[in-house]
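Quick notes on the structure that follows.
The values are calculated or read from the model by the stated rules, or taken from the named source; none is laboratory data. Predicted model only: the values in this text are computed from it and were never measured. For neighbour counting, all protein chains shown are included, and Cβ atoms are generated from backbone atoms with ideal geometry for every residue, glycine included.
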Amino acid sequence: MQSPVKQWRNQKYSRQLLGKNGRIVSFSKIYIPPAGYEDQAPYYIAVIDMGTHRVMGQLVDEYESAVKIGARVQAVIRRVRFVREDDVIPYGIKFKVTSDR
Amino acid sequence: MTVSILGVATTQFGELWDTSPRALVKGVVDEALIDSRLQLKNIDALYVGNMLSGILGGQENLGAFFASALGLVCPAFKVEGACASGGLAFYNGALGVRSGEFTNVLVLGVEKMTDHKPEEVALGLMGAGSDEERLAGATFPGLYALMAQAHMREFKTTEEEMSAVAVKNHYHASLNGKAHFRNPITLKQALTSPMIASPLKLFDCSPVSDGAAAVVISSDASRVKKPVVIKGAGVASDSLGLAQRNTLTSLQAAVDAAQKAYKQAQVAPCDIDVAEVHDCFTIAEIMAMEDLGFLAKGEAGQAIFAGKTTLGKSQKLVVNTSGGLKACGHPVGATGVKQIAEVVTQLRGKSEKKQVAGAKIGLTHNVGGTGAVAVVHIFARE
């Protein structure tokens, strides 16, 4: 279980990114996930250029054909991964593809 | 001060369910000591390379753990740098000798991975990445897949060329009795294997393995004729997270570590006869060949595909005679030490079926994380 204190401390980074736009620099579709992500696989991860810096993120609500290098994405809030009933639900930034150009 | 390698040994690599880490280590240390003609009482310090004993097995304090298991009473250290832990343990052990503090040092690399289920191992390995990468649900195959995707786009590297790395390394491993996978594979088998993290398929990935390797080093080589010595060493680090790098198609830490090692050894990439490079994924060997200066940027895929680094086909440099991480196996803490054991055995001319004829200068390249740390060593026989 991740520490609730760590989650609380990291929330400010989510706030800085939320709603911002970026472009996909590189992507991969993950078929074999790490523990906690089993229910989401397969899913895409991407390196995203936010203009001032690059970040790593998971893509959500994506259309397969729209995932390409150069596609525009927007930072949204989502549940990060599966947790047990007695854990704090971790929310964080994921990226939604908004345009394939 | 010259540091000589007096003894080397490697255990069988593979799924060793009936063997404990202690048993693995005892066996391999006995073998390395016999090779070095030293006894346990002659060892002045122990350096252990390991990454996952804490997160998977709940056991830390590995310096004391293995010293007591071996019956050694001396300073003992654990060195951790993800998949470069073994190479870093060796680097630090050699520093201990060069400083004059220790005469004889035992360097050990060990990892026990197959006791745990794949999702747990994948999560444990992600301890080498950044928080941002863990939150994104990234895995190590996924991170290297991001590099592969970029390399394919920038240099027209193909999936066939990546598969050719696996075919070569399985062939080399078929000549290595201690390798995890001793079965040769075909290009078609590699290309049609299940997708793990696109574009990387099962045969693009090194396996989860158990294994250990040990090396005895010393400033006193008076009892050995023509020992293999360390000619150059370099370590460098980079951003922990992959996204924070300037490029996805080269590991700057590997470039920097190699330059330091070449400069210290006063040799050039074209002088190297045999190299063990960190092929945790097939794209990693392609990038390693370019980062180490063996081939120009963007040309490694084609060269490997053409067999230019394969035993029996190469004109000069042969790469990953052990089978590499891909086919010899990748018990992460053991890998860096095993690479050194392999190159030293080659330079001694004792590699039997996989011997590179006339090998005089060898190189090892060990990478941690997605290139957050790299360590390069160059060896020659005096």
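Annotations for the structure displayed:
- Close Cβ contacts (under 6 Å, 6 or more residues apart or on different chains) running from residues in region B:313-336 that are in contact (Cβ under 8 Å) with a residue 24 or more places away in the chain to residues that are of a type in the set (F, W, Y) comprise B:A327/B:F181; B:C328/B:F13; B:G329/B:F13.
- Selection from region A:72-93 of residues that are within 13 Å of chain B (Cβ to nearest Cβ) and charged (D, E, K, R): A:R78, A:R79, A:R81
- Listed by position, the helices (runs of 4 or more DSSP H) inside region B:62-147 whose residues that are surrounded by 24 or more Cβ atoms within 10 Å (Cβ to Cβ) and under 18 Å from the mean Cα position of the chain (by Cα) number at least 2 are B:85-98.
- You will find that of B:V255, B:V267, the residue that is under 19 Å from B:E290 (Cα atoms), out of contact with any helix residue (DSSP H, G or I) (no Cβ under 8 Å at 6 or more places or on another chain) and at pLDDT 95 or above is B:V267 and no other.
- Any chance B:S36 is outside the structural domain of B:T370 (by TED's automatic domain parsing), among the small types (G, A, S), surrounded by 22 or more Cβ atoms within 10 Å (Cβ to Cβ) and modelled with pLDDT of 95 or more: yes
- Test: residue in region B:60-80 that is among the hydroxyl-bearing types (S, T, Y) and farther than 20 Å from B:T114 by Cβ: yes
- Selection from region B:192-237 of residues that are in a loop (DSSP other than H, G, I, E, B) and either without any contact (Cβ under 8 Å) to a residue 60 or more places away in the chain or surrounded by 24 or more Cβ atoms within 10 Å (Cβ to Cβ) (or both): B:T192, B:S193, B:P194, B:S198, B:P199, B:S206, B:S209, B:S222, B:K225
- Applying the set (1) without any contact (Cβ under 8 Å) to a residue 60 or more places away in the chain; (2) surrounded by fewer than 24 Cβ atoms within 10 Å (Cβ to Cβ) to B:M289 leaves exactly one unmet item: (2).
- Number of positions in region B:28-52 that are touching a residue at least 60 places away in the same chain (Cβ under 8 Å) and either of a type in the set (S, T, N, Q) or touching a Ser or Thr at 6+ places or on another chain (Cβ under 8 Å) (or both): 8
- Of all positions in region B:174-182, at least one carries a residue that is more than 14 Å from every other protein chain (Cβ to nearest Cβ), in contact with a strand residue (DSSP E or B) (Cβ under 6 Å, 6 or more places away or on another chain) and in a loop (DSSP other than H, G, I, E, B).
- In this structure, B:V356 does not qualify as hydrophobic (A, V, I, L, M, F, W, C), modelled with pLDDT of 95 or more and either closer than 20 Å to B:Q12 by Cβ or outside the structural domain of B:K263 (by TED's automatic domain parsing) (or both).
- Tallying residues that are within 7 Å of chain B (Cβ to nearest Cβ), small (G, A, S) and in a strand (DSSP E or B) within region A:28-59 yields 2.
- With respect to the conditions (1) more than 10 Å from every other protein chain (Cβ to nearest Cβ); (2) among the charged types (D, E, K, R); (3) in contact (Cβ under 8 Å) with a residue 40 or more places away in the chain, B:E133 falls short on a single one, namely (1).
- Residue among B:G301, B:G362 that alone is closer than 24 Å to B:E154 by Cα and surrounded by 24 or more Cβ atoms within 10 Å (Cβ to Cβ): B:G301
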